[in-house]
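> So that we are looking at the same thing, I have put the structure below in structure tokens.
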Amino acid sequence: MRILVIGGGHAGTYTALRLERLLRAAGAPRAEVRLVTPEPRLTYRPLLAAAAAGTLPPHHVLVPLRRVLRTTRLLLGEAVSLDLATRTAYVRTPAGPEAAPVPYDVLVLTPGTTPTPPPPHALALHSLADALALRSHLLTQLDLASSTRDPAVREAALCFVFLGGGYAGVDALPALRAMAERALKHYPGLRPTDLRWVLAEPGERLLPEAPADIGTYATRALRRAGAEIRLGAAPRTYRPGLLVLDDGDSLATRTLVHTPSAIRAPGAPPHPLLTTPALPLTPDGRLRCTSDLAVPGTPHTWAAGDTAAVPDPETPGATCAPHAGHAHGQAQVLADNLLATLRGEPTRPYDANAEKNEGLYVALGPHDGLARRHGRTFTGRPAVLLLRAHHLSRLPTARRKGRVLTEWAFSALFPHEPVALGAPAADPGAPAADPGEPP
Ligand SMILES: Cc1cc2nc3c(=O)[nH]c(=O)nc-3n(C[C@H](O)[C@H](O)[C@H](O)COP(=O)(O)OP(=O)(O)OC[C@H]3O[C@@H](n4cnc5c(N)ncnc54)[C@H](O)[C@@H]3O)c2cc1C
């Protein structure tokens, strides 16, 4: 039995881990699990903002898959097409441009969603490289502001705009703000009040992935901390130095960080792999799934994570929001159901409420957050502790948990110095060259 998992993110990695565990247990059918992934590591995205802000060493957000997966075979590459009739995936590996056929008996689709590309000159926050480039860029802006006499350059250098109030934006803005304010100790000419922090969300509220009251709490907490929250604001144009919003307001800034929420609008293009004929898609370009995580009308195919539109039993007609909690919970149920099906046993539905009871966690910088467990809501430092305990429970391997825990304990006593790890590849805040000018 050949089980092929496509995508080594949260859903794919935890599906493979759970399959390994179940297959090791007595009575499980013999099966080989293969995981197709472009990179041999999982990027633990909920900790990316901490890596960007330097409160967690960067390597802690990367989970080496060869280390944590014991029996799963890794196939490094990108699945470019599927032939569902012959049960073959075509995978392009680093070895060459030709896609090689990879036959399977059971397919698990967990390729996430394709992130919307950032506007020209904007910075992204999707990978560890993005996180490190963002840190370098911010510290470069402080250097620029402290070394110029031009008030316009200084104003633009000290205004930081985050575009998108999903988990990424809500976590990254206060984390980077705290880093910048720590760094200001070494810039005698700059004060925290000289810095301007703006979060522009095109939708009506922050955190559209979470219940409305959590978005409201995040808005209040960030505003209380001095950030400007602009709801219903999308960029009209951006060139380094000037951002014009669609309400006509403009901001002098050299920093636009693209942190969109993963909620997809109707008509959003699906992941290229999902355009395979016969795969049922929702209007927002996700893969329609049953509550037991099978893909209807496509035998032997399962899906989980951001890719999958899984019914949310609490709200008829709604599907589970795309976030790491659901990706993790669905991975467990998917693996159980897949093996139950092979054994001819009944499957069970994914209980989105159980995952919600398990906890909803939002980081709002290093010292604030919100945690909701079993109906109780915690904020401030207790929430930060619960949130960290949650991440420790989710990070694979005891060694990694131990290292991250030690790091957090140690850095409470000896905070990290904000330092750029290399220069950003290109400065997105640099004024654009006049196309009319000779080079
Ligand atoms: C900066 C940031 C912060 C976040 N913070 C939080 C948070 O605090 N809490 C929370 O709940 N959620 C958070 N999220 C959202 C969370 O990370 C996602 O919901 C979660 O990663 C979804 O898991 P997934 O496995 O479905 O997709 P991903 O984790 O995106 O994994 C998809 C994987 O599939 C691979 N892939 C894609 N296409 C192919 C292909 N053709 N062939 C092979 N492999 C492919 C990708 O390389 C990737 O490794 C955050 C997201 C970001 C970007």
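The values are calculated or read from the model by the stated rules, or taken from the named source; none is laboratory data. Quantities reported herein were computed from a predicted structural model and do not represent experimental measurements. Using ideal geometry, Cβ is built from the backbone for each residue, glycine included, and neighbour counts are taken over all protein chains shown. All accessible areas refer to the heavy atoms of the entire protein, side chains included, with ligands and DNA or RNA removed. Shrake-Rupley method; radii C 1.70, N 1.55, O 1.52, S 1.80 Å.
> Scanning segment 101-111 for residues that are assigned to a loop (DSSP other than H, G, I, E, B) and in contact with a Leu (Cβ under 6 Å, 6 or more places away or on another chain), which turns out surrounded by the fewest Cβ atoms within 10 Å (Cβ to Cβ)?
Across segment 101-111, the extreme among qualifying residues is TYR104.
> Quick check: anything in segment 213-233 open to solvent by 20 Å² or more (accessible area, probe 1.4 Å), among the aliphatic types (A, V, I, L, M) and not in a helix (DSSP H, G or I)?
Yes, some residue in segment 213-233 is open to solvent by 20 Å² or more (accessible area, probe 1.4 Å), among the aliphatic types (A, V, I, L, M) and not in a helix (DSSP H, G or I).
Rundown of residues vs (1) over 21 Å from the mean Cα position of the chain (by Cα); (2) within 12 Å of the ligand (Cβ to nearest atom), yes/no style:
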position: LEU360; (1), (2): no, yes
position: GLY369; (1), (2): no, yes
position: ARG372; (1), (2): no, no
position: ARG376; (1), (2): yes, no
position: THR379; (1), (2): yes, no
position: VAL384; (1), (2): no, no
position: LEU405; (1), (2): yes, no
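> Let me ask something else about it. Report whether or not ALA129 is more than 12 Å from the ligand (Cβ to nearest atom), within 29 Å of THR114 (Cβ to Cβ) and surrounded by fewer than 19 Cβ atoms within 10 Å (Cβ to Cβ).
When the stated conditions are applied, ALA129 passes them.
> Pull up segment 83-99, narrow it to residues that are within 13 Å of the ligand (Cβ to nearest atom) and open to solvent by 20 Å² or more (accessible area, probe 1.4 Å), then point me to the one that is farthest from the chain's Cα centre (by Cα).
Step one: filter segment 83-99 for residues within 13 Å of the ligand (Cβ to nearest atom), giving 89-94, 99.
The next check asks that each one be open to solvent by 20 Å² or more (accessible area, probe 1.4 Å); those that pass are 90, 92-94, 99.
Details: TYR90: 26, ARG92: 24, THR93: 24, PRO94: 25, ALA99: 28 Å.
Restricting to residues being within 13 Å of the ligand (Cβ to nearest atom) and open to solvent by 20 Å² or more (accessible area, probe 1.4 Å), the top hit is ALA99.
> Please find, among ASP336, ASP292, ASP306, the residue that is among the acidic types (Asp, Glu) and within 15 Å of the ligand (Cβ to nearest atom).
After applying the criteria, what remains is ASP306.
Condition check ((1) of a type in the set (Ser, Thr, Tyr); (2) buried (at least 18 other Cβ atoms within 10 Å of the Cβ); (3) outside any strand (DSSP E or B)) across all residues:
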| site | (1), (2), (3) |
| --- | --- |
| VAL33 | no, yes, no |
| ARG66 | no, no, yes |
| ALA79 | no, yes, no |
| THR113 | yes, yes, yes |
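> Continuing with this model, one more query. Quick one: LEU134 ticks every box in (1) among the hydrophobic types (A, V, I, L, M, F, W, C); (2) touching a residue at least 24 places away in the same chain (Cβ under 8 Å); (3) in contact with a Lys or Arg (Cβ under 8 Å, 6 or more places away or on another chain) except a single one, so which number is it?
(3)
> Within segment 279-287, identify whether any single residue is basic (Lys, Arg), at pLDDT below 95 and either within 27 Å of GLY169 (Cβ to Cβ) or away from the ligand (no atom under 12 Å from the Cβ) (or both), and answer yes or no. So that I can check it myself, show each step before the final result.
Within segment 279-287, the first condition is being basic (Lys, Arg), and the residues that meet it are 286.
From what is left, the residues that are at pLDDT below 95 are none.
Taking every residue of segment 279-287 in turn, none turns out to be basic (Lys, Arg), at pLDDT below 95 and either within 27 Å of GLY169 (Cβ to Cβ) or away from the ligand (no atom under 12 Å from the Cβ) (or both).
> Could you check segment 162-181 and list, in sequence order, the residues that are surrounded by 18 or more Cβ atoms within 10 Å (Cβ to Cβ) and more than 16 Å from the ligand (Cβ to nearest atom)?
Matches in segment 162-181: ALA178, ALA180.
> Pick from segment 291-313 the residues that are free of Cβ contacts under 8 Å to residues at least 40 places away in the same chain and in a loop (DSSP other than H, G, I, E, B): which of them is least open to solvent (accessible area, probe 1.4 Å)?
My answer is PRO296.
> Exactly one condition in (1) within 12 Å of the ligand (Cβ to nearest atom); (2) surrounded by fewer than 16 Cβ atoms within 10 Å (Cβ to Cβ) is false for PRO151; which is it?
Looking at each condition in turn, PRO151 falls short on (1).
> Would segment 16-27 turn up any residue that is exposed (fewer than 14 other Cβ atoms within 10 Å of the Cβ), among the aliphatic types (A, V, I, L, M) and either touching a residue at least 60 places away in the same chain (Cβ under 8 Å) or away from the ligand (no atom under 11 Å from the Cβ) (or both)?
yes
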